[in-house]
1. Could you list, ordered by first residue, the pairs with Cβ atoms under 7 Å in which the first is in the stretch 76-91 and closer than 14 Å to Ala192 by Cβ and the second is of a type in the set (D, E, K, R) and at pLDDT 95 or above, at least 6 apart or interchain?
2. Identify all residues within the stretch 242-290 that are surrounded by fewer than 16 Cβ atoms within 10 Å (Cβ to Cβ), hydroxyl-bearing (Ser, Thr, Tyr) and modelled with pLDDT under 90; write none if there are none.
3. Residue by residue through the stretch 9-42, note down the ones that are among the small types (Gly, Ala, Ser) and touching a Gly at 6+ places or on another chain (Cβ under 8 Å).
4. Please specify each residue of the stretch 1-26 satisfying the condition of being without any contact (Cβ under 8 Å) to a residue 60 or more places away in the chain and assigned to a helix (DSSP H, G or I).
5. Find the residue count for the stretch 65-107, including only residues that are out of contact with any helix residue (DSSP H, G or I) (no Cβ under 8 Å at 6 or more places or on another chain) and aliphatic (A, V, I, L, M).
6. Could you check, for the stretch 314-322, whether at least one of its residues is more than 23 Å from Thr19 (Cα to Cα), at pLDDT 75 or above, under 24 Å from the mean Cα position of the chain (by Cα) and open to solvent by 40 Å² or more (accessible area, probe 1.4 Å)?
7. Quick one: in the stretch 228-237, of everything that is assigned to a strand (DSSP E or B) and either touching a Cys at 6+ places or on another chain (Cβ under 7 Å) or free of Cβ contacts under 8 Å to residues at least 60 places away in the same chain (or both), which residue is most open to solvent (accessible area, probe 1.4 Å)?
Amino acid sequence: MTFRFIHSADWHLGKTFGTMADTIGGELSSARFGAISRIADIAKAQAASHVLVAGDVFDKPDIARVDLRRAIDRMAEHRDITWVLLPGNHDPMRYGGVWSRLKQLEPPATIVVANQAAPMTLAPGVVLLPSPLSSNHPGHDPTAWMTDAATPADSVRIGLAHGSVQGFGSDGDSAITIAADRAQAAGLAYLALGDWHGTRQITPHTWYSGTPEPDRFPDNEPGHVLAVAIDGAGPVRVERIVSRIFTWAKAGATIGSLDDLPSIEQHIATSARDLRSLLVSLTLSGNVSLSEHADVSQWCEQLAARLKWLRVETSQLAVRAHTTDLDRLSPSPTLVAAAQQLSAVADTASLDQTIRTSAALALIKLYGFAAEAAADGTSEAGRQIGREAGT
């Protein structure tokens, strides 16, 4: 008999995105709840009867009650699926915590909280060995008990845990470390892990599913679930399936001239089929003139309008005052002198980076006022530039 299930983790329901506009943050939070329905659709397409969630179902223990109800309602809509939820380090099993509050809402029997380190029967001949966390700093390997756990002879043993595998990822900073050979030592057909937000195979029998909906700019591969099929003692089949709505991407580019901008934009566009679902963290470096910097800023604004969200880091983009830029400050020798001095400070490698950055920003601001004055053509605008230069 083939046992099929979906391995997921790190839903972080109730997560907020305070650094972004309320409208965008709301869409991102909503997409996390929407992942439940998408996972259910994937499970049905794969003929999977169970969804195993390897920890951090909720983003924090004090998640709002309405969000708890929202999660229950989304899962309860799919009564032909059993949802097995494991407490993780963000939502540990504590008295009066999120799981106690969830129980008070009387979820249906198809929503199962794996709150004890004890064997659970999932199907005839299939036993789950869960390792719930009761603390975000347990100080020990929560899967250690699996090795000696007694289960019926010839049963398929599946492990469910949350933490960092030793020798992988950032386990040096993690208080939750899991032995890399746990699946082999405990006779597990499959060890479903959470905590690492990207999809990753550790061994043929040990996998991280990653988060189904990204929530940060990753170095791994988030936005998937794993469809797992186990044929008794036969090989385990694992298929990675896209579950995300939004794509978060990091990009870096060096600008030598404005001619580089179209290719940078083209590269960013390859990250997602729909730019309106793409969030980008872009780091620009290189050298540009003051006038080119203004064009780059305009390009960034136009690009941001096409994306869901854009963050641009320009601290590595050096701004130089070229002769043509200084011509724009004429006929004021005072402004030209100020611009030359600021440009010299920005170019002095021996100075503190904060000072150099401040000088570059002041140079850009000075040039911006000059551009406004040239466009306005009024004496008042000229006086305004003089006042700014004097400060």
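1. The qualifying pairs are Gly88/Asp56.
2. Ser257
3. Ala9, Gly18, Gly25, Ser29, listed by residue number.
4. Residues satisfying the conditions are Asp22, Thr23, Gly25, Gly26.
5. Adding up the residues that qualify gives 5.
6. Checked the stretch 314-322: no residue is more than 23 Å from Thr19 (Cα to Cα), at pLDDT 75 or above, under 24 Å from the mean Cα position of the chain (by Cα) and open to solvent by 40 Å² or more (accessible area, probe 1.4 Å).
7. Per the criteria, the residue is Arg237.
The values are calculated or read from the model by the stated rules, or taken from the named source; none is laboratory data. Everything quoted here is computed from the prediction, not taken from an experiment. Quick reminder, even Gly has a Cβ in these numbers, built from the backbone with ideal geometry, and neighbours come from all protein chains shown. In case anyone asks, the SASA skips ligands and DNA or RNA and just uses the protein heavy atoms, side chains included. Shrake-Rupley method; radii C 1.70, N 1.55, O 1.52, S 1.80 Å.
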